[in-house]
Each structure stands twice: as C-alpha cells, then as structure tokens.
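The values are calculated or read from the model by the stated rules, or taken from the named source; none is laboratory data. None of the values given here were measured: they were computed from a predicted structure. Note that each Cβ is placed from the backbone with ideal geometry, even for glycine, and that neighbours are counted across all protein chains shown. When the accessible area is computed, the model is the full protein with side chains, heavy atoms only, and any ligands, DNA or RNA have been set aside. Shrake-Rupley method; radii C 1.70, N 1.55, O 1.52, S 1.80 Å.
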Amino acid sequence: MNAQFRLGTAMLVFLLAACSPVETDVPPAETAAAPSGSGLEHPVERPVEGMSFAGAPLYRNEVDAERLRELEVRMTPLEASDSLTEDGYIELGALYIEANRFRDAIDLYSRGIEEHPESFKLHRHRGHRYINVRELENAIVDLREALRLIGTEHVDVLEYNVDGVATETYEHWTWYHIGLYHYLHGDWQQAAAAYRTCVATATRNQSRVGSSDWLYNALRKNGEHDEAEAVIAAIPVDIDTNREHPYFKRVMVYKRELAPADVLDIEKPASEWTGFDATAGYGIANWLAFEGDPETASRILQKIIATPFWNSWAYVAADRELAVHSITLP
C-alpha cells in the first residue's frame, strides 16, 4: 500500500548525476554566493542567470579572482574571432560556464547553432544549460534535436571538459539530460527508460555509477523497489572509480555499505555545506524518505536550497520538489 509524505513546504519527488555530466553536479569550491531565498544577501549588481522553480532569482555566483583571470586569458582570443568553429563555440561556452556565466553560454550556443545548425554538440550543450536555468521545455527541444542529429553515425563521439579530458559520449550525455528532464517532471517511467539507456551507453565507471544512481531513484520513486535494488546490486563495492565522488558515496548508502552519517553531517549549518554535501545530501534525502524518515529528508532538501550551488542537479531537483511536486512512496 502507498503512503504520501509531505516534505517541508512541498512533498518529496523524483530522479542522475554531475552529470549533466557528473562533473557539473559538484560546483567549484570558489562559488560563494547563495541564491535568493537562502537567507544570504546579494549585491544588487550581480546578474540574474535564471529563476528558481519557486520564482526566486538565481544570481550569478562569484569566481575566485585569480581563476577568473585565467579563464579570461583563454576567452579573449575566442571572443575576438569573427566566426568560430563548432568546437570553438563549445570551448568558449565551457569557459563561460566555468565563470558561472550560464546565460552568456546559452546565447553563445544559440549563435553557434545559427552558424552550425546541424551541430548535435551545440544542441546538447544548450539543452544542458537550459536545465540549469530552469527552462525545461527549451531544454527538451534541444536534447531531442541533438539525439536526432546523433543518429546512428555519431554514437561514439566523445565530449571533453574544459581541461580537455574526455568524459563520455555525446549520446550518453544527451540521454542523461533527457532523463533529468523527465525526472524533473515526475515522469518516473520515462526517466527510468532514459537512464537505462544511459547505463547501457556508459563507457566509464564514474558515469556508470552516476547513471545507476539516478536510475535507482527514478525506479524507487515509481514504486519499483526490486528493480531499483537490482540496479544498485550491479555496482560492485570495489568498482574502479573515484571513490570520493558524491555519487559513489550515495550508491554505497543505497547498498547499506555506508550510513548517511558516514557521508554527510546533517547538523552542519547550510552556510558551511560544500558542493559535495549538497550533491550527496540529495541522494541521502531520497533514501531516507524511501526508508520512512521524510522529516529528516525534508530538512536536507531545505539545506540544499540554502546553499549557493543552484546549478547542481541536486539543487535543481530539490528546488523542483519543494516548489512543485508531490510523491507517493511505496
């Protein structure tokens, strides 16, 4: 029999990970300013990058001055170009994201798509960033177009992060964000279907762990407990991956190899939470709600949205859940 649990100002919802690519789920440590509604002040001149699902402005977070100078050195020659290549747009967009300039990145990708309309890469990246700024319907249009353009010919094309390190294929990350779109709409079946494809297309253990995490959450939110447990059982405890990554820690909590307190200090003030805490906290909040402790789950969600990490998937999901959704738990 199902029982409904109200969590804080709303009720706890649905589905992966840092994702986007997994790496984006743990924002840079230099991100320092909290979004509106968190109880922290903002300079009035700080740009607004988007609006939360609750209708509060999402202010651009500051970046360490030295890091910003490094980014600007790399941006300058690209910005000076009259016509960028497809990869040039992607490189400059990644630098904008490192500088927390999400709206500028979206505008840049839009210009790139005008010049390179068949670019599955630019559609994929713009779709990702539309989710960051909470424009979900714009996102799904781009992501579906990216998938169409990838077709069967480009399934092995790799993405690279701002440092030139390969993360995963464009096909994998496109499905990842399609899964997140459905998750944010509370469509657990569609989210789970997308994340099954994500797990199947993962070529690296870290993305396999992250995709399995989101798939587990979508299945459990849909009442498919046994199926969810089978997904997590397929991740060995000794898997060769970044064992300090929050998705790995979350999966170990689901497997009962770690206790929530081993991963997260729930009593620590939200002002002291790191990007790791926020990302780990979202999975732990879900797990606690599944296991019958919605009150603690609600406390964690509230703390997540009191952090500055509004672009992380943990924050995006907590934002959506507290502002919009209800969930029926088995």
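Enumerate the pairs (first residue in the stretch 76-101 and under 18 Å from Y130 (Cβ atoms); second residue anywhere and part of a helix (DSSP H, G or I) and aromatic (F, W, Y)) with beta-carbon separation below 8 Å, excluding pairs fewer than 6 apart on the same chain, so at least 6 apart or on different chains.
If the second residue must be part of a helix (DSSP H, G or I) and aromatic (F, W, Y), the pairs left are Y89/Y109; G93/Y109; Y96/F102.
Collect the residues in the stretch 221-235 that are among the small types (G, A, S), assigned to a helix (DSSP H, G or I) and open to solvent by 50 Å² or more (accessible area, probe 1.4 Å), keeping them in residue-number order.
Hits for the stretch 221-235 are A230, A233.
Looking at the stretch 287-308, can you tell me whether even one residue there is open to solvent by less than 10 Å² (accessible area, probe 1.4 Å) and more than 18 Å from N217 (Cβ to Cβ)?
yes
Confirm whether R6 is of a type in the set (K, R) and either more than 19 Å from the chain's Cα centre (by Cα) or at pLDDT below 50 (or both).
So R6 passes the test.
Would it be correct to say that V26 is modelled with pLDDT under 95, among the hydrophobic types (A, V, I, L, M, F, W, C) and over 29 Å from G281 (Cβ atoms)?
When the stated conditions are applied, V26 does not pass them.
Please enumerate the residues belonging to the stretch 151-172 that are more than 25 Å from D104 (Cβ to Cβ) and crowded, with 21+ Cβ neighbours inside 10 Å.
T169, E171, H172
Which residue, of F309, F276, is at negative phi, touching a His at 6+ places or on another chain (Cβ under 9 Å) and of a type in the set (A, V, I, L, M, F, W, C)?
Checking each option against the conditions leaves just F276.
Name the one entry in A191, A218, A139, A202 that is over 26 Å from R250 (Cα atoms) and open to solvent by less than 30 Å² (accessible area, probe 1.4 Å).
Just a single option satisfies the conditions, and that option is A139.
Return the only residue of I284, I266 being open to solvent by 20 Å² or more (accessible area, probe 1.4 Å) and either farther than 24 Å from T203 by Cα or in contact with a His (Cβ under 7 Å, 6 or more places away or on another chain) (or both).
On inspection, the qualifying residue turns out to be I266.
I'd like to know if the stretch 260-282 contains one or more residues that are of a type in the set (G, A, S) and not in a helix (DSSP H, G or I).
Checked against the condition, which is being of a type in the set (G, A, S) and not in a helix (DSSP H, G or I), the stretch 260-282 yields no hits at all.
Any idea which residue in the stretch 61-71 is least open to solvent (accessible area, probe 1.4 Å), counting only those that are under 18 Å from D163 (Cβ atoms) and outside any helix (DSSP H, G or I)?
Per the criteria, the residue is V63.
For (1) open to solvent by less than 40 Å² (accessible area, probe 1.4 Å); (2) part of a helix (DSSP H, G or I); (3) touching a Cys at 6+ places or on another chain (Cβ under 9 Å), each residue gets a yes or a no:
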| position | (1), (2), (3) |
| --- | --- |
| H182 | yes, yes, no |
| R196 | no, yes, no |
| S207 | yes, yes, yes |
| V237 | no, no, no |
| V253 | yes, yes, no |
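Residue by residue through the stretch 113-128, note down the ones that are touching a Gly at 6+ places or on another chain (Cβ under 8 Å) and either closer than 25 Å to N61 by Cα or surrounded by fewer than 17 Cβ atoms within 10 Å (Cβ to Cβ) (or both).
Listed by number, the residues that qualify are L122, H125.
If the requirement is being of a type in the set (S, T, N, Q) and either under 24 Å from P294 (Cβ atoms) or crowded, with 20+ Cβ neighbours inside 10 Å (or both), which of these qualifies: T279, T274?
Just a single option satisfies the conditions, and that option is T279.
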